[in-house]
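The values are calculated or read from the model by the stated rules, or taken from the named source; none is laboratory data. No experiment lies behind these values; they were computed from the predicted model shown. Cβ coordinates were reconstructed from backbone atoms using ideal geometry, including for glycine residues, and neighbour counts include every protein chain displayed. In case anyone asks, the SASA skips ligands and DNA or RNA and just uses the protein heavy atoms, side chains included. Shrake-Rupley method; radii C 1.70, N 1.55, O 1.52, S 1.80 Å.
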Number of protein chains: 4
Amino acid sequence: MQTKKIILDCDPGHDDAISIILAASQPSLEILAITTVSGNAEIEKTTINALKICDLVSLSGVAVSKGASEPLIRLRETAPGIHGDTGLDGPELPEPSRSWSDEHGCDTIIRLVKESKVPVTILPTGPLTNIALALLKAPAIKDNIEEIVLMGGGTFGNWTPTAEFNIWADPEAAKKVFDSGIPIAVMGLDITHQALATKEVIDQVQKIDNHVAKIVGELLVFFASTYKEMFNFAGAPVHDVLTVAYCVAPELFKMKEVNITVETKGEFTAGTTLIDLHGVTGRKVNAKYGLELDVEGFWSFMIEALKKF
Amino acid sequence: MQTKKIILDCDPGHDDAISIILAASQPSLEILAITTVSGNAEIEKTTINALKICDLVSLSGVAVSKGASEPLIRLRETAPGIHGDTGLDGPELPEPSRSWSDEHGCDTIIRLVKESKVPVTILPTGPLTNIALALLKAPAIKDNIEEIVLMGGGTFGNWTPTAEFNIWADPEAAKKVFDSGIPIAVMGLDITHQALATKEVIDQVQKIDNHVAKIVGELLVFFASTYKEMFNFAGAPVHDVLTVAYCVAPELFKMKEVNITVETKGEFTAGTTLIDLHGVTGRKVNAKYGLELDVEGFWSFMIEALKKF
Amino acid sequence: MQTKKIILDCDPGHDDAISIILAASQPSLEILAITTVSGNAEIEKTTINALKICDLVSLSGVAVSKGASEPLIRLRETAPGIHGDTGLDGPELPEPSRSWSDEHGCDTIIRLVKESKVPVTILPTGPLTNIALALLKAPAIKDNIEEIVLMGGGTFGNWTPTAEFNIWADPEAAKKVFDSGIPIAVMGLDITHQALATKEVIDQVQKIDNHVAKIVGELLVFFASTYKEMFNFAGAPVHDVLTVAYCVAPELFKMKEVNITVETKGEFTAGTTLIDLHGVTGRKVNAKYGLELDVEGFWSFMIEALKKF
Amino acid sequence: MQTKKIILDCDPGHDDAISIILAASQPSLEILAITTVSGNAEIEKTTINALKICDLVSLSGVAVSKGASEPLIRLRETAPGIHGDTGLDGPELPEPSRSWSDEHGCDTIIRLVKESKVPVTILPTGPLTNIALALLKAPAIKDNIEEIVLMGGGTFGNWTPTAEFNIWADPEAAKKVFDSGIPIAVMGLDITHQALATKEVIDQVQKIDNHVAKIVGELLVFFASTYKEMFNFAGAPVHDVLTVAYCVAPELFKMKEVNITVETKGEFTAGTTLIDLHGVTGRKVNAKYGLELDVEGFWSFMIEALKKF
Ligand SMILES: [Ca+2]
Ligand SMILES: [Ca+2]
Ligand SMILES: [Ca+2]
Ligand SMILES: [Ca+2]
């Protein structure tokens, strides 16, 4: 089997953590590195969280590089209301067994993409600062990126009435990615809100008899509690996890080719994605956008994956 | 019965035309004036269309005042793809029997609001330029406006991916209205897309045996054809008509108190309304927003109204 | 002699007041009306100040119309630090003998321009809100405006590091005027700062033995004191007065044809004029810009004018 | 003598080239590295130009690192009208004897600042992209930067009516630098236009009997010719050279402590510096701004320096 070489660029974060876990379970994915970014929490916290999850799933050989501590041009804002103070509240996880790499996250991305014999797929599940920095420093890496499969955006918002958190947190970085010409697949709120870890889903996870699944259960319980409190949702949408699932099981996803651009200048709308579902803008297609998830298929896939640990 | 004094500020436009017709059928509404604005078509066209509809429903005593020919600070754009070249393509209507008033639309609004012994309700169903000009020239009229019941905005767009046409066409005017402190009820795309004149609805209208209903049928047939072509809708949403229906039968509408503001500075998002359904912005309530329509009740109300002619 | 028909659109304001006085002294100018605007002070204050000056120079037949109380889309800000609380601190002037017209300032402009057999010259010496409103309500008046001779803008600022007060106070109105296609002559800070009422100038004015000159002297003394305090200037620049002088004695002014546009979107630069002296923008000429004043000639002209009262 | 450790961050460019030459002549300056940026010409050209100048003045031990090829978020634009197609038209210089470093310019800055036992002074004479990238990747380097002495900005513009080229070319980078809290000294157009290489100055340079001075003469002749053509100047202002002169001979400069910020959002004014000379903004001091140059002293200093080669 041909494996897909991937870089996980993330800000763990509950759903980022589960993404790493899912990726670790898939023999068809080769994780080249995990790069971290400030987002759900400050950069030290998201990096430590990534290292903890690596320990949990025995990814000891995978480099974890600390990336951007702040957005390209805006002030940093984090999301403790959703992910808790540590960025990964809920389960008790041991302190990481190692530290992060000496290399900045953006440099790890540049180096690995340059070195790879086959094009690399990048899965950003936080603000897009590291990807933007990599493109700024080494524009030529575009030619060896297979696809960017990212979580971000939506036809509606969660952090403001029109903006989703990842894009909102660094709109200029996001715009640079969408304008780059690299093939992009986008898991936005329209599809991630279909992937709701409801009580029934959590029950299934909790029945799996291994340590990793136990931790995932605890992550989902905490995540569901904050979503209940803030948005009155019947479960937590496991946003980021869809990027990994899409790489392995694209048949679960109904995608549409559209133009997506990012507002960077608005007074109230900075970070809003304009997803041109009806072709009203005349701008040309630059992304595949996730419309519909095979919800049952997705959760079966997840449960099977967790049973492997 | 206490009648409600209303001013129809409109850009006919198929749904504006049906709004005027519906208003004319309601004994509980006293139409003080019809003021027109550039929007669906240029100002001369929307004004002539308003006059033609007045003739159709015998509103000979109601002043029709031509208002703003262009937005406050932007270039004018119209919507011939939706409403045809005349702004009211479809039925053949005789030339109007009279001309418009000498008074500018914004001055008619100012004068009537100042003169009225009871607070006046204004129903804008086009860009909000006239209302903004009236507020600019005579801020004190705020105190004698009962409510502004407007069609505009939405949590998604129709003219751009995020903006609805009326607000998009004059965002600065819209912002002034939303910031004015006047009580506002908003029929946005979220609710107007529920009021779809489907084939079944049009059949019912066509069965009514009077001239006005016949014209309304022709308006709906044309309107449905352009919505089919541009958006692949199964019928035409009669957006503007909901403002009149709300004044007479508010029990058909489930509204939510929210903050609404308008983006005026975005590169791609000018004219986008930010409707804070989940209270994430911390901005205080300034409008009632239409969430859910009793669809059956609404069409029964419409059919009964048309039977009166 | 053919007189020039002018409308003074102003926000008195010390230099506006002296402009009215200068205009009243000139037989070659026919003042059709004085329209007021919020600017140096709130609209009631600037209107009362205009009426007081009319009484001072016996302009009893000239309509004074109160205009815009706030900018097109921004919040009102005034300049009490420069003009005092009344907008015209310094001399004691009797309460006005009459009130303002019933007509809004913008409507007076529209009416007079429409009625005039010969094209009218408009001299705005405050924020350009009234002119913008007139153009919004009646775009066709453009064809009967000879020229707009305005005080505003500069290659540097006085209210912010880059913006002059009149343009800064209503940038959107100013942009509309500069984009209108009407012939425009601009007295910006580059030339108005040459017209400094120094101690020597004030001495000359104070030696003139009539009541009007005495009042002008008092206006200049107060104005010079605030300019000394805020900008450490050796005298007060009589900005607005240059518009009237230019209408009568254009030979005192070295003008350059340039493109001028107005920033309306900046975070720090809204209201900044871009005066393309070196033709670097490629935008086409839309104004004459005042570069150099015959300073001695100007003050001689002023002194002679004041002696006539 | 205590030497000052400096990094020259530049986009040669005629005046950048002369800056390097001047720096090389000064025993009190230790050049840690030269980092290049896209600006006057594309990054490959400015880097090759830097290498050529290093050869000219025997700076073989100084690392030359290629930096940013494009601004943080905007499209790249260069200035061939001023500096010719190569970025350094005029003299014939041999191809460089070596290539640039493997390290990106921003990483060279980060490394050298981190490694240095004493605080480092950075002299940016092009767009500020490298400095911004360095601050993004390693915010902590701020603590070991003595001062940033930059050429950029002005109370008027050269590239637009209000913006100077270096700041205009990457406004977001410039804003990040001005907002960084690092001590900053600014050579803006107000002072660099005083440093005019007139015919008399060029004569003096041409009389110096060494190869370096001969090349400087040729650089000045070309530079003066484009300034004559584009701005009708009587000589070329050697903008960038003032940064080096200031480090060695600050007594030639009259500076003022002011607040400087950069417009990044304007439609026409992006890249405009707001230099608050009169303290009208209330924003606190973050820079020293060059007001007045001892012109004679400056040229004496230059001539003496060139004689040393
Ligand atoms: Ca995430
Ligand atoms: Ca309408
Ligand atoms: Ca004034
Ligand atoms: Ca340079």
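A few notes on this one:
- Over 19 Å apart at the Cα level, from the set A:Lys45/A:Lys265; B:Lys137/B:Lys175; B:Lys265/B:Lys288, are A:Lys45/A:Lys265; B:Lys265/B:Lys288.
- For the range B:211-218, backbone phi angles converted through the Karplus equation (6.51, -1.76, 1.60; θ = phi - 60°) give residue-by-residue couplings of 5, 4, 4, 4, 5, 4, x, 5 Hz, Gly and Pro being listed as x.
- Solvent-accessible area lost on pairing B with A (1.4 Å probe, both sides summed) amounts to about 1900 Å².
- The distance linking the range A:183-250 with the range C:169-201 is 62 Å (Cα centroid to Cα centroid, whole angstrom).
- Between C:Ala234 and A:Gln206, the modelled label-to-label distance comes to 8.6 nm, taking each label 7 Å out from Cα in the direction of the beta carbon.
- Cα centroid separation - the range D:108-129 against the range A:263-284, whole Å: 38 Å
- Rounded to the nearest 20, the Cβ-based charge dipole of the range C:4-306 about its Cα centre (Lys and Arg +1, Asp and Glu -1) stands at 720 debye.
- The smallest convex shape that holds all Cα atoms of the range B:15-87, its convex hull, gives 88 Å³ per residue.
- Each residue of the range B:292-301 was assigned a 3J(HN,Hα) from its phi angle through the Karplus expression (A = 6.51, B = -1.76, C = 1.60, θ = phi - 60°), giving 9, 10, 6, 4, 4, x, 4, 6, 4, 4 Hz with x at Gly and Pro.
- Inter-copy label distances at B:Lys214, using a point 7 Å along Cα-to-Cβ, come to 8.0, 8.3, 9.9 nm with the shortest given first.
- Here the Karplus relation 6.51 cos²θ - 1.76 cosθ + 1.60, evaluated at θ = phi - 60°, turns the backbone of the range C:135-149 into coupling constants of 5, 5, 6, 9, x, 5, 5, 3, 6, 10, 9, 5, 6, 10, 10 Hz, with x for every Gly and Pro.
- Other copies of A:Gly181: label-to-label distances in nm, shortest first, labels 7 Å along the beta-carbon direction: 4.0, 4.1, 5.5
- Accessible surface area normalised per residue over the range D:4-306 is 34 Å², counting heavy atoms of protein chains with a 1.4 Å rolling probe.
- Stokes-Einstein, applied to the Kirkwood radius of the range B:35-127 over Cα pairs at a viscosity of 1.002 mPa s and 20 °C, places its translational diffusion at 152 µm² s⁻¹.
- Long-range Cα-Cα pairs in the range D:198-309 (distance over 26 Å), rounded percent: 36 percent
- Per-copy distances of the D:Lys142 label point, shortest first, in nm (7 angstrom along Cα→Cβ): 3.3, 4.1, 5.0
- Semi-axis lengths, Å, the range C:4-306, gyration tensor of Cα atoms, sqrt of 5 times eigenvalues: 26, 22, 19
- The range C:134-195 - Kirkwood radius from inverse mean 1/r over Cα pairs (Å): 12.5 Å
- Cα coordinate range in the protein assembly as shown, projected on the principal axes (Å, largest first): 86, 84, 45
- Axis-proximal residue, chain D, for the rotation superposing D on B (Cβ, Å): D:Lys265, 4
- Shown for the range B:254-280: residues covered by the partner protein chains by 30 Å² or more of accessible area relative to the chain by itself (probe radius 1.4 Å), namely B:Glu263, B:Lys265, B:Glu267, B:Phe268, B:Thr269, B:Leu274, B:His278, B:Val280.
- Rounded to the nearest 20, the Cβ-based charge dipole of the protein assembly as shown about its Cα centre (Lys and Arg +1, Asp and Glu -1) stands at 0 debye.
- Electrostatic dipole magnitude of the range C:60-191 [Cβ: Lys, Arg +1; Asp, Glu -1; Cα centre; debye, to 20]: 440 debye
- For D:Ser101, distant residues with modelled amide H under 5 Å away: D:Val64, D:Ser65, D:Lys66
- For chain D, the residue among D:Phe223, D:Gly290, D:Ile43 whose Cα projects farthest onto the positive side of the dipole built from Cβ charges is D:Gly290.
- Interface burial in the range A:22-69 reaches 10 Å² or more for A:Ser69, comparing the full protein assembly with the chain by itself; accessible area from heavy atoms with a 1.4 Å probe.
- Of B:Ala163, B:Asn130, B:Ile191, farthest towards positive along the dipole that unit charges on Lys, Arg, Asp, Glu beta carbons give the range B:4-306: B:Asn130
- Here's the list of aspartates and glutamates a cross-link from C:Lys4 could span, going by alpha-carbon distance under 17 Å and ignoring same-chain residues fewer than 8 apart: C:Glu30, C:Glu115, C:Asp143, C:Glu146, C:Glu147, C:Glu251.
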